[in-house]
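Everything below concerns the one structure shown next.
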Amino acid sequence: MKTLTIQGGQTLSGTVRIGGAKNSAVALIPAAILASDPVTICNVPEITDIEALSNILKHLNVSVKRASESIVIDPSKMENKMITQELSSKLRASYYFMGALLGKYKKVTMYFPGGCKIGERPINLHLKGFEALGATVTIEDNVYTITADKLQGASIYLDTPSVGATINIMLAATLADGTTTIDNAAKEPEIANIATLLNQMGAKVSGAGTSMIKIVGVKELNGCFHEVIPDRIEAGTYLIFGALCGDHLKVDNIIPSHLEALTSKLEEMNIPLEIGIDYIYISKSPSQRSTNIKTLGYPGFPTDLQQPFTTLLTQSSGHSKVEETIWENRFMNVPYLNQMGANIKVNGMKATVDGKTPLHGEKVEATDLRAGASLVAAALIADGQTTITNVEHILRGYEEIVEKLTNVGAKIEINEID
Ligand code: EPZ
């Protein structure tokens, strides 16, 4: 198991360069197999989720070549095989192989894990979309077999604007006969990033980024070159680090408009920001005010920043409120924050934070990816040393976090323990 040790109290200054978006890359890589020849994707983050997806591709006899931030995926000799539990259970986004393999071969057999720590995480809307396109779904001991004689375009309404279901249905519909519409589609920027890849391959996808997406089926998709958009959640996490202990910290290579829900909150809290074309400077506030957040689908406040943001709220003077509307179990970081000195009360999917509370170093555990980020944020400002265990969760989604934080002044190291 890997652990992080952080000596709190340092000031962060200098430049952090943000990498490609995890939640784009984990969909772009499965989508690439829809092409009949090589797809090159650049700005792919160096995170363990990408390694897990590459292993699934190799299992399917897809050649994968990584060269620094680019990956070349050649599906020309691929074989449609069952995706095993060992391969599929490494990450949730393995479910994008359902839409990609169904779209390409009209058949997919794969193990898929059920609920995950932050909530039940059902995939009923994904399956509803596949069935609407004419597929039959059978599930036996967590093995999904999804088949169709042919895929016929359909009008699909999503009960909730699910990011995963929107993308998975898009993937399955690109090679279907006829036109598919997805109503109440999710509007996250990552969805537009995937739609752009598909259109570069020769698909006909329109409306991505709005709540109505149209896909006109085509006969074949070809290789192309594409780029992953900057990771707005990694960027938001480093902005929160900078709000806690930054002195003119530059968060660089970002799309500020993807972060408006966060930056408007930071301004409301009297945190000094300087927003540029593709960067933001941020510093710790001399008098940080409390505020309230409610997580919503894009462009609302992103659920993936709720946990690190809750750490920031512990340094606001006054009473703040947090309402989590997406995941039913996304406060697992709170007991550890309270152990470090915070004053947070959780009631179902709501929490209150009373500050300003000084934090002190403790031994804590990363229970999930963004909870881990929340604990890193707390450790950066805690008095003394903090040890975070189970940091494999953090490495799934934060590229080179030790190097990036060290380069701007943090005292952080990673260790391997038995
Ligand atoms: C994506 O998960 C992200 N993961 C999550 O980020 C993110 O929290 C989430 O979108 C919301 O923005 C990836 O992109 C790999 P959803 P996804 O389907 O697609 C319900 C991180 O930290 N729902 O948009 O799984 C679901 O229960 C991760 O990077 C159904 O009811 O999320 C939830 O309440 C964590 N049925 C809501 O919709 C379904 O079939 C939104 O889920 C699907 C979802």
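Scanning the stretch 214-255 for residues that are buried (at least 19 other Cβ atoms within 10 Å of the Cβ), of a type in the set (Val, Ile, Thr) and within 30 Å of Asn184 (Cα to Cα) gives Ile215, Val228, Ile229, Ile233, Thr237, Ile254. Residues in the stretch 336-344: is at least one β-branched (Val, Ile, Thr) and surrounded by 24 or more Cβ atoms within 10 Å (Cβ to Cβ)? For the stretch 336-344, residues β-branched (Val, Ile, Thr) and surrounded by 24 or more Cβ atoms within 10 Å (Cβ to Cβ): absent. For the stretch 168-202, filtered to residues that are within 16 Å of the ligand (Cβ to nearest atom) and among the β-branched types (Val, Ile, Thr), the residue that is surrounded by the fewest Cβ atoms within 10 Å (Cβ to Cβ) is Ile194.
Residue pairs whose Cβ atoms lie under 7 Å apart, separated by 6 or more positions or on different chains, with the first residue in the stretch 353-368 and open to solvent by 30 Å² or more (accessible area, probe 1.4 Å) and the second within 16 Å of the ligand (Cβ to nearest atom) and modelled with pLDDT of 95 or more, are Glu365/Asn390. State yes or no: is Gly348 more than 21 Å from the chain's Cα centre (by Cα), farther than 21 Å from Leu266 by Cβ and surrounded by fewer than 17 Cβ atoms within 10 Å (Cβ to Cβ)? When the stated conditions are applied, Gly348 passes them.
Residues that are assigned to a loop (DSSP other than H, G, I, E, B) and within 16 Å of the ligand (Cβ to nearest atom) within the stretch 350-373 comprise Ala366, Thr367, Asp368, listed in sequence order. Restricting the first member to the stretch 72-91 and to residues that are open to solvent by less than 60 Å² (accessible area, probe 1.4 Å), and the second to residues that are acidic (Asp, Glu) and at pLDDT below 95, the beta-carbon pairs closer than 6 Å and six or more apart or on different chains are Leu91/Asp49. Exactly one residue among Thr210, Thr180, Thr196, Thr237 is among the polar types (S, T, N, Q) and touching a strand residue (DSSP E or B) at 6+ places or on another chain (Cβ under 6 Å), and that residue is Thr180.
The number of residues in the stretch 273-326 being touching an Asp or Glu at 6+ places or on another chain (Cβ under 7 Å) and polar (S, T, N, Q) comes to 5. Only one of the listed residues (Lys58, Lys65) is part of a strand (DSSP E or B), without any contact (Cβ under 8 Å) to a residue 12 or more places away in the chain and surrounded by fewer than 19 Cβ atoms within 10 Å (Cβ to Cβ). That residue is Lys65. If Thr145 satisfies every condition in (1) farther than 25 Å from Asn43 by Cβ; (2) open to solvent by 50 Å² or more (accessible area, probe 1.4 Å); (3) out of contact with any helix residue (DSSP H, G or I) (no Cβ under 8 Å at 6 or more places or on another chain) but one, which is the exception? So Thr145 meets the others, but not (2). Among the residues making up the stretch 118-151, a single one is within 12 Å of the ligand (Cβ to nearest atom), of a type in the set (D, E, K, R) and touching a Lys or Arg at 6+ places or on another chain (Cβ under 9 Å): Arg121. Taken over the stretch 374-413, the residue count meeting the criterion of being of a type in the set (Asp, Glu) and either within 12 Å of the ligand (Cβ to nearest atom) or crowded, with 17+ Cβ neighbours inside 10 Å (or both) is 1. Checking each residue in the stretch 302-316 for being within 11 Å of the ligand (Cβ to nearest atom) and either in contact with a Gly (Cβ under 9 Å, 6 or more places away or on another chain) or aromatic (Phe, Trp, Tyr) (or both) picks out Pro302, Thr303, Asp304, Leu305, Gln307, Pro308.
For the stretch 104-120, the criterion of being assigned to a helix (DSSP H, G or I), within 24 Å of Leu175 (Cβ to Cβ) and either in contact (Cβ under 8 Å) with a residue 60 or more places away in the chain or open to solvent by 10 Å² or more (accessible area, probe 1.4 Å) (or both) is satisfied by at least one residue. What about Asn347, is it away from the ligand (no atom under 16 Å from the Cβ), at pLDDT 95 or above and among the polar types (S, T, N, Q)? So Asn347 fits the description; yes.
Applying the set (1) under 27 Å from Thr303 (Cβ atoms); (2) touching a helix residue (DSSP H, G or I) at 6+ places or on another chain (Cβ under 7 Å) to Thr196 leaves exactly one unmet item: (2).
The values are calculated or read from the model by the stated rules, or taken from the named source; none is laboratory data. This structure is a prediction, so every number in the text was calculated from the model and none was measured. Counting neighbours? That spans all protein chains shown, and the Cβs are built from the backbone with ideal geometry, glycine included. The protein model used for the area step is the full one, side chains on, heavy atoms only, and it has no ligands, DNA or RNA in it. Shrake-Rupley method; radii C 1.70, N 1.55, O 1.52, S 1.80 Å.
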